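The values are calculated or read from the model by the stated rules, or taken from the named source; none is laboratory data. What you are looking at is a predicted structure, and each value in this text was computed from that prediction instead of being measured. No Cβ is skipped: glycine too gets one built from the backbone with ideal geometry, and neighbour counts run over all protein chains shown.
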Amino acid sequence: MKLSADEIVRLLLALAVLVASARLLGEIARKFNQPAVIGELLAGLLLGPTVLGRYAPEAMQFLFLTGHVPVVLDGFSTLAICLFLLVAGMEVDLSTMFRQGKLAIGVGLSSMILPFALGFGLAGLIGPAWLGGGPNADSLLFALFMAVALSISALPVIAKTLLDLDMYRSELGMVIVAAAIFNDLVGWIIFAVVLSLMAGGGHHRFEITQTIGLTLGFAAFMLTIGRWLIHWLLPWLQAHLSWPGGVLGVAMTLTLAGAAFTEWIGVHAIFGSFLVGVALGDSHHLRERTRSTIDQFVSFIFAPIFFASIGLKVDFVGDFNGLLVAFVLIVSCVGKVMGAGYSAYKLGMPPKEAWAVGFGLNARGAMEIILGLLALQAGLINSQMFVALVIMALVTSMIAGPLMQRTLRRKKPKPFTDYVGARSFIPDLKASDREAAIIELVPVSGAQGVPLDEVALEVIARERMTPTGLGMSLALPHARIEGLKAPQVAVGISRQGLDFDAKDGEPAHIIVLILTPASDTTLSLELYREVVHRFKDPELRERLLKVRNYTEFLALLASAPGMKSATHMTTMISAPAMATRVRSLFKE
């Protein structure tokens, strides 16, 4: 196949229109505090048979349906979805899931079992003919697909929601993220098996049992040996290749190779790119700035092409079925919120936080849409069910943040300055790294009821698990401490700046240490969010570096406008050595 000059012109014009409209509407969606994917899907809806094809079919035919242009656009979409799943996989932090332990696994498991059982049971009872199955859909495969579709979460959307609420690196945020990681891993592995069982899911190079075995074997390899090899290779790449270009090139190579392998064995290419993303993103040698570069490269160019192209395939007006949409939306929300919320409550979380976990994990977003598209292409579901799944994904993504915010709201939250005293403000930190800064701040925090060296160790361990550099010259090391009598906050100003592995790559000059009792999750969230809100103003942050005492600090905050409303370790030290260092410094 060779594109003619006219086809090349139309292809480039089609891509330009897709990217421009998707980015524009994506930015508008973000202005209304909604995920960009909503605007990107709306762009496809406007350019596809729903609007443009209905009112100006010649224009749609000219742009997207002439000659070989649809084939090349489909290739672009495949590449885009593989790269998007790379980014989604990089959000999966296996160590976070393991460190959250019983709570994360319990919540993650329960948040899958109930919606999985509801989806499988209802789909099996009612049947594909009445629930939007494809013309020749196998009843068992259709029931398995519905079970997976209703039980999986969307980690990128959940992470974005938590970031918007300033909760991502909080304790509650980590529980939600860890449970979503478990959802993603288990859900995608199950769906990979379902794909291998579909008549149109592979190339039939292998028997079904061989395909399933290869799929599970590849997943096991990438999550163990492959993960270790990438972790071992990254320092060498960063030392000998140009940065970040060298790492980016290797990441793309591994992603495409992994995608090619899973497509070859009879499972969709996205599963391979997702597993490569998990293995790559789990290494603490991958700097936040490199992650951010890959994320921006994919999210602002390739992802819009994919999500906008979805609207070119389906008529969202002609294929809309109100009863089917209501059924999918109700069953999915009830199963996920009840499964996650009840489990979190039974595992010891307060009711408010437990419901917040349920609402957070209910966001489906892009992952649901991708699952639906693959099932539609395989003939397992029809266009009406696909439209219902897309609407469910968008609605659950839109309501997750507001419902979490409403659930966790307190009537009269105290400002964080109420927990800061003259002694707990250090205008000129002497520390030269993040560990030393934590060790310097803990003794002046006023923490009572617990040994200060153990508090420092707890905060440092928490920092190692997830760096707290937020960018904007701000870092928020924090921990919930067992036995702590009252919340404490200490603030330190570092003139030279300290590396807290922020996404913008800039050092932190304002370090706010937040210590709260282990039993009070809500308060830690409120303090975290209020500190971020207080220091959003760049002029305030610049003036804060000139403050010399506690009185000037309070005066600056009081006079600031709008204030009346409310990396991994640079030097790797073993745990025993770190404990010895902390205790010796406290003795001094």
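In this structure, is Ala303 assigned by TED's automatic domain parsing to the domain that holds Met385, surrounded by fewer than 22 Cβ atoms within 10 Å (Cβ to Cβ) and not charged (D, E, K, R)?
In short, no.
Looking at the stretch 436-446, can you tell me whether even one residue there is at positive phi and at pLDDT 80 or above?
yes
What tally of residues in the stretch 436-482 results from selecting those that are out of contact with any Lys or Arg (no Cβ under 8 Å at 6 or more places or on another chain), among the acidic types (Asp, Glu) and assigned to a helix (DSSP H, G or I)?
2
Which of (1) under 23 Å from the mean Cα position of the chain (by Cα); (2) farther than 21 Å from Glu7 by Cβ; (3) in a helix (DSSP H, G or I) is the odd one out, the single condition Leu46 does not satisfy?
All conditions are met except number (1).
Which of the residues spanning the stretch 425-435 are outside any helix (DSSP H, G or I) and within 17 Å of Gly469 (Cα to Cα)?
Across the stretch 425-435, the qualifying residues are Leu429, Ala431, Ser432, Asp433.
Among the residues of the stretch 250-269, is there at least one that is over 24 Å from the mean Cα position of the chain (by Cα), at pLDDT 85 or above and over 19 Å from Phe84 (Cβ atoms)?
Looking for residues that are over 24 Å from the mean Cα position of the chain (by Cα), at pLDDT 85 or above and over 19 Å from Phe84 (Cβ atoms), one finds at least one in the stretch 250-269, hence yes.
So Ser77 ticks every box in (1) in a helix (DSSP H, G or I); (2) among the polar types (S, T, N, Q); (3) more than 22 Å from Ala366 (Cα to Cα) but one. Which box is left unticked?
Only one criterion in (1) in a helix (DSSP H, G or I); (2) among the polar types (S, T, N, Q); (3) more than 22 Å from Ala366 (Cα to Cα) is unmet by Ser77, namely (3).
If Met349 satisfies every condition in (1) surrounded by fewer than 23 Cβ atoms within 10 Å (Cβ to Cβ); (2) closer than 18 Å to Ser111 by Cα; (3) in contact with an Asp or Glu (Cβ under 6 Å, 6 or more places away or on another chain) but one, which is the exception?
(3)
Assigned by TED's automatic domain parsing to the domain that holds Arg543, surrounded by fewer than 18 Cβ atoms within 10 Å (Cβ to Cβ) and among the hydroxyl-bearing types (Ser, Thr, Tyr) - does that describe any residue in the stretch 432-441?
yes
Restrict the check to the stretch 517-533 and report whether at least one residue is of a type in the set (Gly, Ala, Ser), modelled with pLDDT of 75 or more, assigned to a helix (DSSP H, G or I) and farther than 28 Å from Glu288 by Cβ.
Within the stretch 517-533, not a single residue is of a type in the set (Gly, Ala, Ser), modelled with pLDDT of 75 or more, assigned to a helix (DSSP H, G or I) and farther than 28 Å from Glu288 by Cβ.
Taking the stretch 165-220 as the search range and keeping residues that are outside any helix (DSSP H, G or I) and under 24 Å from Leu109 (Cα atoms), which one is modelled with the lowest pLDDT?
Ranking the candidates gives Arg169 first.
Give me the pairs, please: first residue somewhere in the stretch 388-406 and of a type in the set (D, E, K, R), second residue anywhere and modelled with pLDDT of 85 or more, beta-carbon distance under 9 Å, and either six or more positions apart or on two chains.
Arg406/Phe359
Does Arg289 satisfy the criteria of being modelled with pLDDT under 80, part of a helix (DSSP H, G or I) and within 18 Å of Glu91 (Cα to Cα)?
So Arg289 passes the test.
Can you name the condition, by its number, that Ala344 falls short on among (1) within 23 Å of the chain's Cα centre (by Cα); (2) among the aliphatic types (A, V, I, L, M); (3) farther than 30 Å from Met222 by Cβ?
Condition (3) is where Ala344 drops out.
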